[in-house]
1. Determine, yes or no, whether B:L175 is at the interface with chain A (Cβ under 9 Å from one of its Cβ atoms) and either under 16 Å from A:M44 (Cβ atoms) or among the acidic types (D, E) (or both).
2. Is it true that some residue in segment B:226-235 is surrounded by fewer than 15 Cβ atoms within 10 Å (Cβ to Cβ) and at pLDDT 70 or above?
3. Considering B:L314, B:L348, B:L329, which residue is touching a residue at least 60 places away in the same chain (Cβ under 8 Å) and either among the β-branched types (V, I, T) or open to solvent by less than 10 Å² (accessible area, probe 1.4 Å) (or both)?
4. So how many residues does segment A:89-137 have that are at the interface with chain B (Cβ under 7 Å from one of its Cβ atoms), touching a residue at least 12 places away in the same chain (Cβ under 8 Å) and within 18 Å of B:F221 (Cα to Cα)?
5. Going through segment B:399-434 one residue at a time, which ones are farther than 28 Å from B:F221 by Cβ and small (G, A, S)?
6. In the set B:S114, B:S11, which member is in a helix (DSSP H, G or I) and touching an Asp or Glu at 6+ places or on another chain (Cβ under 6 Å)?
7. Tell me, please, whether a residue that is open to solvent by less than 10 Å² (accessible area, probe 1.4 Å), among the hydrophobic types (A, V, I, L, M, F, W, C), more than 8 Å from every other protein chain (Cβ to nearest Cβ) and under 30 Å from B:A42 (Cα atoms) can be found in segment B:441-452.
8. Which of (1) in contact with a Gly (Cβ under 6 Å, 6 or more places away or on another chain); (2) without any contact (Cβ under 8 Å) to a residue 60 or more places away in the chain is the odd one out, the single condition B:G416 does not satisfy?
Amino acid sequence: MNQNRDFYAGLVATAFFAIVLFILIPVYVKVPSFIPGFAPPPDMWPRVIAVLGLVMGVLALILAFPKSRKASGEKVTTLGFYLNRNKVFMTRFAILLVVFAAFVYGLPVIGFVPATVLLLGVLFLMTGNFDRRFWMLGLTLIFPVLLYLLFTEVNHTPFPEGTLFSSSLSNLTTLI
Amino acid sequence: MWNELLFAFQSVATLPNFLAMFAGIWGGVIIGAIPGMTGTMAVTLALPFTFYLPPVTSILLLVALYKGSTYGGSISAILIKTPGTASAACTVLDGYPLARSGKGGKALNMALVSSCIGDFVSNISLFFLAMPLAMFALRVGPPEFFMLMAFSLTIVASISGRSLVLGIIAACLGLLLATVGEDIYGSYRFALSEDMKSGLGMVPVLIGLFALPELIKMIVFRPEDNSEAMKLGDNRLTLSEFRGSLKSIFRGSLIGVILGAIPGIGPSTAAFFSYSEARRTSKNGDRFGEGEIEGIAASESANNGACGATMIPLLALGVPGDVITGVMLGAFMIHGLTPGPLLFQNNLGEVYSLFIGMLFSSVFLFIAGKLTASAFTKISRIPQTLLLPCILILCVYGIYSIGASPFDVTVLLVMGVVGFAMMLLNIPAAPFLIAFILGPMFEDNMRRSLAISRGDLGVFFQSWISWGFFALTILFIILTIRREWTKWRNKSRDAAQSAS
């Protein structure tokens with residue numbers, strides 16, 4: 001499968017630039033009814049890039065095809081076999097994507113500091129190396145808080161408190 | 001001119017600037033010393049912090065990071081046989097054998113001294129060469145700039161690595177992402193959501209692409225870290241050893257300056273070229289690769305010699321010499337400074353301050369290296385399992401602080417995943433970066449020229465400067481095609497021979 005990387009890169013590039021050229025540009029690049037002077041329309045440049053990318057993707061496929069065929073001839077590595085062999089890696093990658101998505105969607109709800117503490121903790125867990133677990137625990141709790149203090153005190157960045165906690169925090173402030 | 005230089009000296013010699021330079025040097029050395037972390041990562045990670053600093057202080061911080069990381073790469077190269085940066089790859093050849101024989105401190109000292117000399121020579125050349133080049137470039141308009149940008153984009157060929165086709169694919173991706181948002185005439189492109197109408201921020205895209213894939217790779221594949229650091233041992237660099245290497249240091253510095261000033265070549269090639277020249281001409285040439293201290297002098301003087309020189313095309317023409325100066329181009333633009341000939345006309349004070357500051361940073365590099373050499377050696381032993389997750393959190397805070405926008409954090413994470421996918425598919429990230437930064441300038445100048453000429457393509461060939469850049473672009477493309485053709489023919493011949 002490793003020998004076929006160029007082939008897959010070509011395949012992904014061809015598919016991506018085809019989608020851009022035939023779907024995204026017609027829908028998401030609006031050409032105004034009036035263009036001042038003789039300026040080229042806004043979709044001209046994206047179209048040029050997408051066509052070039054598409055041509056390069058196809059070229060990568062053509063150049064990689066003999067190598068890919070030779071590699072397949074020497075060793076039978078079907079996509080199913082490859083997926084099965086790399087199940088662990090793909091599971092980790094999928095979990096990481098879920099963690100990133102949860103962070104992005106959870107950030108406005110639970111607030112910036114708790115979200116980053118949780119993210120750091122989960123990332124440490126996902127490294128799978130627990131030789132320095134006390135360092136990991138300490139950093140998880142202290143590092144995001146230190147960064148929060150640095151950015152709020154020095155840069156005056158308004159970090160979101162989170163909809164879950166903001167009302168209780170404001171109640172607490174009123175009480176104080 | 002002397003009055004302006006004196007004024008620049010006064011404006012640079014302030015505590016905030018000195019602190020920024022020291023922080024940059026130390027930060028750069030720390031990041032450069034950690035295997036897997038590059039100077040590009042150092043400079044991109046620092047970008048969010050520069051928003052709150054004055055322009056000159058910001059650029060000096062980034063330049064100091066660049067220089068520090070280039071030197072820092074030699075620490076892990078010498079002590080754990082793992083070059084912290086690509087440009088320190090040559091230093092491994094003689095540095096590690098010296099460390100094994102208990103002379104790690106001597107090797108580090110030589111790396112520091114030759115790095116500082118190379119850096120100083122490079123800064124002097126920047127001072128004398130950038131201004132005349134910029135004065136010449138003042139005579140260009142949008143059509144000439146379009147041709148210059150076209151020539152600059154041919155740099156993609158030299159930073160594509162193994163495959164030119166994959167390099168061009170990466171560049172197309174960078175050019176395409178640069179079109180997201182509002183164009184110069186107010187039309188929205190690829191605005192899939194309300195946030196995307198203002199385009200993708202340069203900083204989250206760059207940091208996501210360069211800093212995050214290493215973390216994702218570590219989490220997904222969990223590679224074992226078997227590197228073991230050597231002790232410093234014999235620390236003294238004798239006068240006779242220094243004198244014996246002086247010729248290689250100066251030759252390396254000059255090689256660094258010349259190759260660094262040519263866009264697309266950069267410090268790594270300069271280091272290898274200087275090393276091979278030193279090996280060819282030195283009376284100790286046969287000892288190179290077995291622990292010859294002159295080898296370290298040759299490679300380190302050249303890679304640091306290229307650092308200042310890569311700023312020549314950046315400042316004078318607005319053309320980044322390598323990936324790091326590409327990021328710096330972005331930093332200049334963030335601060336409202338546009339590198340190129342107009343910078344010398346509109347912001348001469350800042351340019352002189354930058355020159356003076358860069359000379360200071362050479363001295364600071366020496367002081368920082370001398371004072372904390374033993375502390376820096378511990379850095380290369382920090383486990384990546386602790387370091388990389390903390391870097392992601394630092395990036396998240398830094399990115400959010402730029403515009404208080406959760407969308408920028410999303411872009412950072414998405415670009416990290418895209419960068420990881422590109423890494424898996426062997427698609428190089430460097431052409432993406434150059435195209436993402438140069439793309440908008442290329443398109444704006446093209447559309448402006450065509451608007452001026454009422455759609456007549458002849459506008460691009462009206463001056464001899466345009467013709468000059470056009471000829472250079474064509475020459476570069478022909479040379480690249482020839483090189484690729486030769487590579488492909490040799491490969492086919494080898495394959496045919498092995499089959500028979």
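1. Numbers: at the interface with chain A (Cβ under 9 Å from one of its Cβ atoms): yes; either under 16 Å from A:M44 (Cβ atoms) or among the acidic types (D, E) (or both): yes.
Yes: the conditions hold for B:L175.
2. Within segment B:226-235 (the criterion being surrounded by fewer than 15 Cβ atoms within 10 Å (Cβ to Cβ) and at pLDDT 70 or above), the answer is no, since none of the residues qualifies.
3. On the way: B:L314 fails: touching a residue at least 60 places away in the same chain (Cβ under 8 Å); B:L348 fails: either among the β-branched types (V, I, T) or open to solvent by less than 10 Å² (accessible area, probe 1.4 Å) (or both).
Selected residue: B:L329, the only one of B:L314, B:L348, B:L329 that is touching a residue at least 60 places away in the same chain (Cβ under 8 Å) and either among the β-branched types (V, I, T) or open to solvent by less than 10 Å² (accessible area, probe 1.4 Å) (or both).
4. Here the count works out to 5.
5. Answer for segment B:399-434, where residues must be farther than 28 Å from B:F221 by Cβ and small (G, A, S): B:S401, B:G403, B:A404, B:S405.
6. On the way: B:S11 fails: touching an Asp or Glu at 6+ places or on another chain (Cβ under 6 Å).
Within the list B:S114, B:S11, the selection yields B:S114.
7. no
8. It fails just one condition, (2).
The values are calculated or read from the model by the stated rules, or taken from the named source; none is laboratory data. In this text, all values refer to a predicted model and were calculated from it rather than measured experimentally. FYI the Cβ positions are ideal-geometry reconstructions off the backbone, even for glycines, and counts take in every protein chain you see. Keep in mind that these areas ignore ligands, DNA and RNA; they rest on the heavy atoms of the full protein, side chains included. Shrake-Rupley method; radii C 1.70, N 1.55, O 1.52, S 1.80 Å.
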